[in-house]
Amino acid sequence: MMFFVSALAWQRMRQFDCPQCGAPVVFQSATAEASVCSFCQTVVVRKDVNVEAIGSMAVLPPDVSPLQVGARGRLGEWGFMLLGRVRVAWKGGSWNEWFAEFSDGGRGWVAESQGFFMVLREEKVVGGVKGGTKLKVGESVGVNDLVVKVVDSKEVECVGGEGELPVAVVTGERWVATDVEAGKGVVGTLEKTAEGWRFFKGKVATFEELGWQGLKEMPGWNGVPLVTERGLTEGFNCPNCGGVVGLRAAGGSMAGSCSHCGSVLDATLPKVELLQKGGKKRKVKATLPLGTRGVWKGVEWQVIGFMQRKDKWAPWLEYLLFNPFKGYLWLTEYKGHWAVVERVLEAPGVAVSGVRPWIMHEGREYKQYAKAACEVTYVEGEFYWLVEVGEKAVVTDFIAPPFVLSSETYVELNEVTWSAGEYATSRQLSEGFKVPLKDFPTTQGLGMLQPSGYGEKWNTLKSVVKWVALIWLGLQIFTGGSCSGKKEYEGEFEYATPAVKQAMGMAPDSVAVTPPFEVTKQGGVEVEVRAPVNNNWLGLDVELINATTGERRPGEVTVEYYQGVDSDGRWEEGSRQATATIPGVEPGTYTLALDAAADAAVGQMTYDLVVTSGHKYFSNFVLGLLALLVYPIFVGWRHWSFESRRWSNAD
């Protein structure tokens, strides 16, 4: 409940006698209307000069919140001090709301729940609430210049309080609390009263963001020794079997289970009440026993609760972890696959429908993996709501491995909660919680969030390969593709059979050699041969010889041309010119050795030779590109194969 704050005026601190017991009651704030006597719990109402008792406030049981009256914090430009507290409860849980005075003289509330803080200040409602007055969950309404969405609405009750309050409130007073959000961390609370609408607007903040000072010590945490409290166990005996029930997160835990008989207990009252009677046998073994402490990402956590849930296919386990400064964290385990999950107070955007609905959250696209009705089948330890065996919810998982975004819809409670998490390995948890790895369940199959061993590589290669391919293509275009090359040598040569050579006074096996010539451009060298062949052929084995190193680069070329007439008319095939290609030639001085052969009908033939250099071939580009893509294609295929197996198990 967010109470009305009247006009503010700074005045000095004042002290009055309690009308009930006579003890001093201090009003630190000039505009606080009520204060709870710390001796007799009477609610003392100040009428500026006179004070009167209007009722009593229940004594608040000890809790594990580090906040206390007098603690100071800051949100942006606002500094504030906590002056009082109201404990607000509903049928499924409770939380603290702290009355705060701000550095600019304003008033507001700091609501504390599950490790998050809503810092709220009242904003006058102009023109009423537009678009709806029933304030159903999921409904959007207009308040001043905002469009807000109702995320929770329920009847609540004051179950205790302490310190100063802006108006008088007593134990048992009830009202309807409606929480709204407007995106980008802006949250608020709407109340309908006899005087009209009240709107309390603010932001969600973490413990660190508020820069707290003046907190109370937390025994057992941050090096503060744990002190044994005696004489306080009467209210924590199990109503079913009489066993002692200890709470590790007192004040935050709404439900606990008896470690002796398994009964589920309501821990919201000083005297524990039985919610669900259990049997004597504990059926489910926890990998991380209750009370186990461990570290995750540098923060110490303690296991305080453990439950089993199941849908129509299979069961899984959920562990609730607690830290008084961080709130709550969940560990889920299914077939040896773990996830670390925490609440998300601001609901993500609406899922985009399609073959597979998806949601964008914090710049990441999550695709729907599964949606199913589930129920609680086993409970042990303590929880921040009144969980019972048989509790039902509809769970929808959206994944972007190794991350998950989940919604839980509780139809009976008219509530939807969101959580976000990431995959964790048994080894990570074994090291963090000092539990032997052999005690962890064996990993079976492929986990919903299990990272692909090639996923990160593939995501990196996708962008890198794209740019490499573009650069490679640019180089090919820049260097001229399959350019024509530069002419380096041209000459005429004579082919003759051995008999003709002998008649000409030449050695029968002699080979023709060109004069030395320069290759001035790096790349392929082409040797083009032109010969007057007609229904015959001429072939050459060529060797490009480096005059400096003696290196020989071979090639061959055949010129052949045939023609004639048949029943279909005239025909021809072949060509009177052909080319030999010698790739990758460096600039330098070369000669060309020519060993010619010809059709048996050819005794002698003159042919022309043209040598060009600097050729670039598109085939080289293709081969180079394929070489560059071999590893990315392999990685992509492995990643695709892995993801195909994962999604084969999805809805």
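Just so you know, all these numbers are worked out from the coordinates, no wet-lab data involved. What you are looking at is a predicted structure, and each value in this text was computed from that prediction instead of being measured. Here Cβ is always computed from backbone atoms with ideal geometry, including for glycine, and neighbour counts include all displayed protein chains.
At a glance:
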read-out: Surface/4 of the Cα convex hull for the stretch 488-562, nm²; value: 6.4 nm²
read-out: Peptides 490-500, 623-633 ordered by average Cβ neighbours within 10 Å, highest first; value: 490-500, 623-633
read-out: Within straight-line cross-link reach of Lys438, lysines at Cα separation under 24 Å, skipping those fewer than 8 residues along the same chain; value: Lys283, Lys285, Lys297, Lys335
read-out: Spatial extent of the stretch 136-200: Rg and Dmax, with the Cα atoms as the point set, Å; value: 13.5, 36
read-out: Gain on full stretching of the segment that runs from Ile633 to Val295 - 0.36 nm per residue minus C-alpha separation; value: 117.7 nm
read-out: Lysines with Cα under 25 Å of Lys462, excluding same-chain neighbours fewer than 8 positions away; value: Lys367
read-out: Candidate lysines - alpha carbon under 19 Å from Lys487, same-chain residues fewer than 8 apart omitted; value: Lys521, Lys616
read-out: Difference of contour (0.36 nm per residue) and Cα-Cα distance, Asn459 to Trp571; value: 34.5 nm
read-out: Segments 454-460, 502-508 sorted - mean Cβ within 10 Å per residue, highest first; value: 454-460, 502-508
read-out: Gyration tensor over alpha-carbon atoms, the stretch 572-651, equivalent ellipsoid semi-axes in Å; value: 52, 19, 10
read-out: Euclidean distance of C-alpha centroids, the stretch 398-452 and the stretch 348-378, integer Å; value: 15 Å
read-out: Members of Lys149/Lys371; Lys371/Lys434; Lys91/Lys136; Lys149/Lys216 lying beyond 26 Å, as alpha-carbon distances in this model show; value: Lys371/Lys434; Lys149/Lys216
read-out: FRET efficiency for Trp78 and Asn222, using Cβ-Cβ distance with R0 set to 35 Å, rounded to 0.05; value: 0.85
